[in-house]
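These notes are about the structure you will find just below.
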Amino acid sequence: MQLPKTLTEVKNFINGKFVDSVSKATIQVLSPIDGKVISSVALSVQKDVDNAVQLAKSAFQDWAGKTLKERTQIFFKYRQLLEEHMDELASIIKIENGKTIDEARAEVAKAIELCEFCVSMPQIIGNEVQEVSKGVECRLEKKPLGVVASITPFNFPNMVPHWTVPNALVLGNTMVLKPSEVVPLSAVKMAELLKEAGLPDGVFNVVNGGKEAVEAICDHPDIKAVSFVGSTSVAKIVYKRSTSSLKRCVALGGAKNHLLVLPDAHPQMAASNILASMSGCAGQRCMAASVMVGVDKVQHIIDLMVEEAKQLIPGKSLGTVISADAKARIERYITQAEENGVKILLDGRKTIVKGKEGGFYVGATILDFVTPDMAAAQDEIFGPVLSIIRAKNIDEAIVIENNSNYGNAAAVFTQNGSMAKLVMDRASAGMIGVNIGVPVPREPFSFGGWNESKFGAGDITGKSSIEFWTQNKKTSIKWSPEAKTNWMS
């Protein structure tokens, strides 16, 4: 794919135009497919954030003054543009993130689904009106907050911005998006398509950069709410810093998702689902299977899973990890587990793809007889690595799952309804799967975990997001002086 100049020299997008950062500083963007430079991206400073916020603030009154129906119409057009540009958007994801083309297309398809939810807002949101006393009426309306911000990660450069941008904007806010500096290309195309769809200048702005831009967003007094998706360590910092600046924040962190496998599980369905969950997007997703807890006699399922995993071919059916540092870190976890005595059923270290020797590839890896105290069982490795822990019974398996610091997802594979219900009730996670390896809720159900996988109230998508991006205005009305009065009126 021949990249246009807007993608080979990524600038900030402020008030409907691509502009240089105040600092003029840039960093290189590498494609993880072959390690080659594909672009440069602006490194913004506090002044860039302030410029974007002030222009978003200027655009807010007119944008918020439009009816919900008017705002929604723009996103009907935008959704159509996403569909028309599916191939281009997927190619951009593949180049900057290293996903397979099928995974990239699935990411865009999810973005389209998220837009479909946002355009349903007129059917979801209805102002509440009630005659609370004779001649006295009370009304409740959802009103936008003002300027809001979204800080997004590298692993889903197209989908995760669509968790927040469509809903926040349709509800009447204006926004500053700060994408990951290692995958800034998708945000450029998003800005171009929103402008083509008719979004007024200043309503959506993109400020690129790293730590300084994030800190400026957290601290800015005119930003009313911040959403964040990334690692737990940074999520804690963003949540504390944003809320200390008296703004709303929901910050999604990491995960260590446990899949409990019972002996009666359907062998082929369990093996295929667990493998897809572990290896999809090269394991770089917060809903990936990290730990399989095998309950009693499940060797037949493990054997089947290993045989299927051998068919995953890096560079074809298995994408890259994001960087050389990520590859080295993942391989260190595998080596440490080996030194601790685990059995490596499949080893993805030292993977090299012919013709793409500079790429960042890790093959599918399955570690058996991992113990709960090992780093491979506790830490988010964020690669195509599955750790298998053996448990004697379901109670022991649930204790293992509950002892994780994280709480994004958990799943159980069984044909026994009562066992499934037991896990559904007792697993300490915000999203549960029964015979589903990646239990991501579909719209309008919201995405969000528990424990150290999420900080802040509410969820980031679906109906729950409406409360996050709006505030309630209550109005009491009385017209008739003849109406009988009492203490309520």
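Side notes on the structure shown:
- Residue match in region 432-446 (condition: in contact with a strand residue (DSSP E or B) (Cβ under 7 Å, 6 or more places away or on another chain) and hydroxyl-bearing (Ser, Thr, Tyr)): no
- The criterion of at least 2 residues that are open to solvent by 10 Å² or more (accessible area, probe 1.4 Å) and free of Cβ contacts under 8 Å to residues at least 40 places away in the same chain is met by the following strands (runs of 3 or more DSSP E) wholly inside region 125-200: 128-133.
- Restricting region 401-423 to residues that are in contact with a helix residue (DSSP H, G or I) (Cβ under 6 Å, 6 or more places away or on another chain) and part of a loop (DSSP other than H, G, I, E, B) leaves a set whose member that is farthest from ALA271 (Cα to Cα) is ASN405.
- Residue check: GLY433 meets all listed conditions (1) over 18 Å from LYS110 (Cβ atoms); (2) in a strand (DSSP E or B); (3) not aliphatic (A, V, I, L, M) but one, namely (1).
- The listed residues are GLY210, GLY254, GLY198, and the only one of them that is more than 30 Å from ILE313 (Cβ to Cβ), among the small types (Gly, Ala, Ser) and in contact with a helix residue (DSSP H, G or I) (Cβ under 6 Å, 6 or more places away or on another chain) turns out to be GLY198.
- ALA271 meets each of the listed conditions (1) open to solvent by less than 10 Å² (accessible area, probe 1.4 Å); (2) touching a strand residue (DSSP E or B) at 6+ places or on another chain (Cβ under 8 Å) apart from (2).
- Complete set of residues in region 201-243 that are part of a helix (DSSP H, G or I), touching a Leu at 6+ places or on another chain (Cβ under 9 Å) and among the aliphatic types (A, V, I, L, M): ALA213, ALA235
- Top-ranked residue of region 31-67 - restricted to ones that are small (Gly, Ala, Ser) and part of a helix (DSSP H, G or I), ranked as nearest to ILE352 (Cα to Cα): ALA52
Listed here are the residues, each with its yes/no results for (1) more than 19 Å from ASN155 (Cβ to Cβ); (2) out of contact with any Asp or Glu (no Cβ under 8 Å at 6 or more places or on another chain).
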site	(1), (2)
VAL183	no, no
LEU199	yes, yes
ALA216	yes, no
ASP222	yes, yes
VAL229	no, yes
THR232	no, no
SER242	yes, yes
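- On inspection, ASP62 passes the criterion of being over 30 Å from GLY283 (Cβ atoms), of a type in the set (D, E, K, R) and modelled with pLDDT of 95 or more.
- Matching residues in region 117-155 - criterion: being touching a strand residue (DSSP E or B) at 6+ places or on another chain (Cβ under 8 Å) and within 30 Å of ASP102 (Cβ to Cβ): SER150, ILE151, THR152, PRO153
- Of all the listed residues (ILE389, ILE398), the sole one being part of a strand (DSSP E or B) and open to solvent by less than 10 Å² (accessible area, probe 1.4 Å) is ILE389.
- Which numbered condition VAL207 fails, given (1) of a type in the set (A, V, I, L, M); (2) more than 19 Å from the chain's Cα centre (by Cα); (3) surrounded by 20 or more Cβ atoms within 10 Å (Cβ to Cβ); (4) farther than 23 Å from GLY383 by Cα: (2)
- Restricting region 91-104 to residues that are under 16 Å from the mean Cα position of the chain (by Cα) and either of a type in the set (Val, Ile, Thr) or not in a loop (DSSP other than H, G, I, E, B) (or both), the residue that is nearest to GLU181 (Cα to Cα): ASN97
- Residues in region 459-475 that are open to solvent by 30 Å² or more (accessible area, probe 1.4 Å) and either free of Cβ contacts under 8 Å to residues at least 60 places away in the same chain or among the small types (Gly, Ala, Ser) (or both): 2 in all.
- Screening PHE154 on (1) over 17 Å from the mean Cα position of the chain (by Cα); (2) modelled with pLDDT of 95 or more shows it passes everything except condition (1).
- Checking each residue in region 19-44 for being open to solvent by 20 Å² or more (accessible area, probe 1.4 Å), at negative phi and touching a residue at least 24 places away in the same chain (Cβ under 8 Å) picks out VAL22, SER23, ILE27, LEU30, ILE33, ASP34, LYS36, ILE38, SER40, LEU43.
- Those residues of region 295-327 which are part of a loop (DSSP other than H, G, I, E, B) and of a type outside the set (Lys, Arg), in sequence order: ASP296, VAL298, GLN311, LEU312, ILE313, GLY315, SER317, GLY319, THR320, VAL321, ILE322, SER323
- Among (1) farther than 23 Å from VAL214 by Cα; (2) of a type outside the set (Phe, Trp, Tyr); (3) buried (at least 16 other Cβ atoms within 10 Å of the Cβ), the one test that ASP48 misses: (1)
- When GLU88, GLU70, GLU83, GLU107 are checked against the criterion of being buried (at least 21 other Cβ atoms within 10 Å of the Cβ) and part of a helix (DSSP H, G or I), a single residue qualifies: GLU107.
- Contact annotation: residue pairs with Cβ atoms under 6 Å, 6 or more positions apart or on different chains, pairing a residue in region 435-451 that is over 19 Å from ILE466 (Cα atoms) and at pLDDT 95 or above with a partner that is among the polar types (S, T, N, Q) and surrounded by 20 or more Cβ atoms within 10 Å (Cβ to Cβ), are GLY437/ASN273; GLY437/SER277; VAL438/SER277.
The values are calculated or read from the model by the stated rules, or taken from the named source; none is laboratory data. The structure displayed is predicted, hence computed values, not measured ones. With ideal geometry, Cβ positions are generated from the backbone for all residues, glycine too; neighbour counts draw on all protein chains shown. In case anyone asks, the SASA skips ligands and DNA or RNA and just uses the protein heavy atoms, side chains included. Shrake-Rupley method; radii C 1.70, N 1.55, O 1.52, S 1.80 Å.
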